1. If you average the alpha carbon positions of the stretch 320-383 and of the stretch 12-82, how far apart do those two centres end up, in angstrom?
2. Counting only C-alpha contacts under 8 Å and six or more residues apart, can you give the relative contact order of the chain as a whole percent?
3. Let's test the formula: R0 of 30 Å, r as the Cβ-Cβ distance of Ala277 and Val324. What FRET efficiency results, to the nearest 0.05?
4. Which value at 222 nm does the chain reach when only helices count, each DSSP H run of 4 or more adding -39,500 (n - 2.57), with the total divided by all residues and rounded to the nearest 500 deg cm²/dmol?
5. Per 0.36 nm of contour for each residue apart, how much would the distance between Ala403 and Ala427 grow if the chain were fully extended, relative to their Cα-Cα spacing?
6. How would Cys120, Cys77 rank on accessible area, largest to smallest, probe 1.4 Å?
7. Just subtract the alpha-carbon distance of Arg480 and Ala158 from 0.36 nm times their residue separation and send over the number in nm, one decimal.
8. Would you mind checking the tilt of helix 99-111 against the longest principal axis of the Cα atoms of the chain, expressed as 0 to 90 degrees and rounded to 10?
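The values are calculated or read from the model by the stated rules, or taken from the named source; none is laboratory data. Note that the structure is predicted; figures quoted are calculated from it, not measured. All Cβ positions, even for glycine, are placed from backbone atoms using ideal geometry, and neighbour counts span all protein chains on display. The accessibility values were calculated without ligands, DNA or RNA, using every heavy atom of the protein model including side chains. Shrake-Rupley method; radii C 1.70, N 1.55, O 1.52, S 1.80 Å.
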Amino acid sequence: MAAGPFRHQAPVKAPRVRFAPSPTGYLHIGGARTALFNWLYARRHGGTFVLRIEDTDTERSSDEMIAAILHGMRWLCLDWDEGPDVGGPYGPYLQSARRERHLAAAQRLLETGAAYHCYCPPELLQQKRATAEAAGGGWMYDRTCRRLSADERAALDAAGRPRVVRFAVPDDADTAFDDWVHGRISVPAASIEDFVLVRSDGTPTYQLSVVADDIDMAITHVVRGDDHVSNTPKQILLYRALGAPVPVFAHVPLILGPDRKRLSKRHGATSVGEYEAQGYLPEAMVNFLALLGWSPGAGDQELFTRDELVAKFTLEGISGGNAVFNPEKLDWFNQQHMMRLAPAELVRRVAGRLEAAGLWRDDYDQGWLERVIVLLAPRARRLDDLVPQFRTFAVDLVERDPAAVAKHLGDEMGRAHLAALRERLAAADAFDAATLEPLVRGLAEERGVKAGVLIHAARVAVTGQTVSPGIFEVLELVGRDRVLRRIDDALAGAA
């Protein structure tokens, strides 16, 4: 298969693109990126985004997987204009419900001589293949049944011989095409065997089904993964044989793990649902996926809203090289997008996780909640990271790190400093950060110690840890009563 440069055409007005996942598993990262690229292209050019479920693998497909794919698409906010739960003029959008249309396309090919029945037993084909491979060569179907006479076919049919439908690849077939990512790709016709369109049990193959559906649904652009490049020459031949225009093809490179091997479970989560469960934002995932193998052009901007991505997206911007999935970069995107959310929206996003952890109360003051979450957000990469941090503000007493207690409250002097701070805090006129900071620093000066001595003691007593957000904001938001109670608990435990 040879490739080379070519000149891109102008975008088709109102393009029709499709995402056609197989419900044999959850919506994985690679599929989500393909869906996103299709969605962005349709939205950029005022086109139509079609969702078609290719569920013809009946043994592995399931309603559960279909529901999971639809959920993943909705979580990413990749709304479809036609498809399941939406409908449209070219339905049904479950491939299994379109079988009769696929078989009708095969019949048209038989009638025009572009396809023929093949009666070769599978065992014979396997034997021929094994013999060729043992001799050190490859093997393609030798077109035995393509040369059968009408009488020979009739006799085999009368005998009830099982048969498949094969496409008759023309000897002089031109299978070169212009890929919008890889450029000109050319495949010699001699390297394409007469491939099967309909199996002996009457079920259509992928090659026939996908082309028949794309023709019926008037798809103008096929944007899909690199693993389909090898299918494209066969499908181009089918489009032509069926008298249909050939769509534009753009094959998106694979996503690799940090070790530059194909992304898989060994690299961590691979399904969109897993990332949702871990507390990633759909805005961050969309931003991250868009830049996996696509460049917006000049400039160093990395953070994009959905509307900004739509405004900038082009198929020409897709790189021909494989993209590397960097979990740390995804975490960075997620943190940035969390910081971009309005405080009330960030609270809304994390509320369910707090409730699941037993930390939610319906009588929380909304303003207080927003201040706490905003204080914690810079130290969180995912929504889940906010939950253990929030515990400090939701419980009466905290568990303390024994090493932290030993370091900052382990001697009599440290406990004396904390006891003095407790009395000063109890008597403070106000309990806000602006009042508490000079109070603590003034007490430290009075006692002849650095302010850090009191700050560390207070942090361990109130949060149980040696690290926290700004201690004065923490004290204010925890509240005077709880702060005093925790200091008393710390002094009692450290005595």
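1. 27
2. The value is 13 percent.
3. Approximately 0.80, to the nearest 0.05.
4. -14500 deg cm²/dmol
5. Gain on extension, Ala403 to Ala427, equals 5.6 nm.
6. Cys77, Cys120
7. 106.6 nm
8. In the chain, helix 99-111 runs at an angle near 30 degrees to the longest axis.
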